[in-house]
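Just below is one structure, and these are the notes that go with it.
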Amino acid sequence: MANYKLQLFVNKNSPISVGAIENLHNICKKYVKGEYELEVIDVMDDPEMAEEAGILAIPTLIRKWPQPEIRLIGALTFQSRVISGLGIIIPEE
């Protein structure tokens, strides 16, 4: 099982959402190193899933695992905010 299970709700036509996808991939590759599952959901392609998840703004990142579920809403451009919000512990060098 992955250490992190994430869902990212975006509009892939939006530059902010594209930036959020890239930033999240970079963070996960650097700090989680493959021990994650990331599901990217385009709200234009799957509005029902967005409605079921209660998505009110995009991008919205949901950490499904580990519990408790955490939601980060907004541009996700600040790596420190995303790392802290996801509860990723960065080992000291």
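Quick note: the coordinates plus some simple rules give every number you see, no bench work behind them. The shown structure was predicted, so the numbers you read here are calculated from the model rather than taken from an experiment. Reconstructed Cβ throughout: ideal geometry from the backbone, glycine too, with neighbour counts over all protein chains shown.
Of all DSSP beta bridges in the chain, what percent run antiparallel (nearest 5)?
55 percent
Candidates [x] 169; [y] 117; [z] 96; which is the computed volume of the Cα convex hull per residue in Å³?
Evaluating volume of the Cα convex hull per residue in Å³ on these atoms matches [z].
Once every DSSP H run of n ≥ 4 in the chain is given -39500 (n - 2.57) and the sum is divided by its residues, what mean residue ellipticity at 222 nm do you get, rounded to the nearest 500 deg cm²/dmol?
Roughly -8000 deg cm²/dmol at 222 nm, from the helical runs in the chain.
Quick one: which residues, 5+ away or cross-chain, put their amide H under 5 Å from the amide H of I41? H built at 1.01 Å from N.
L8, F9, V10
Label-point separation (nm) for K33 and S84, each offset 7 Å from Cα along Cα-to-Cβ?
In this crude spin-label approximation the distance works out to 2.5 nm.
Output the 0 to 90 degree angle, nearest 10, between the alpha-carbon long axis of helix 15-27 and the longest principal axis computed from the alpha carbons of the chain.
The angle comes out at about 30 degrees.
Magnitude of the Cβ-charge dipole of the chain, K/R +1 and D/E -1, about the Cα centre, nearest 20 debye?
360 debye
How large is Rg over Rh for region 7-59, taking Rg from the Cα atoms and Rh as the Kirkwood inverse mean of 1/r across Cα pairs?
Value, to two decimals: 1.00.
What does the extension gain come out to for N3 and V18, with contour length at 0.36 nm per residue minus their alpha carbon separation?
3.0 nm
Can you tell me which of L76, L56, L38 moves the most in a GNM of the chain? Springs connect C-alpha atoms under 10 Å apart.
Answer for the Gaussian network model of the chain: L56.
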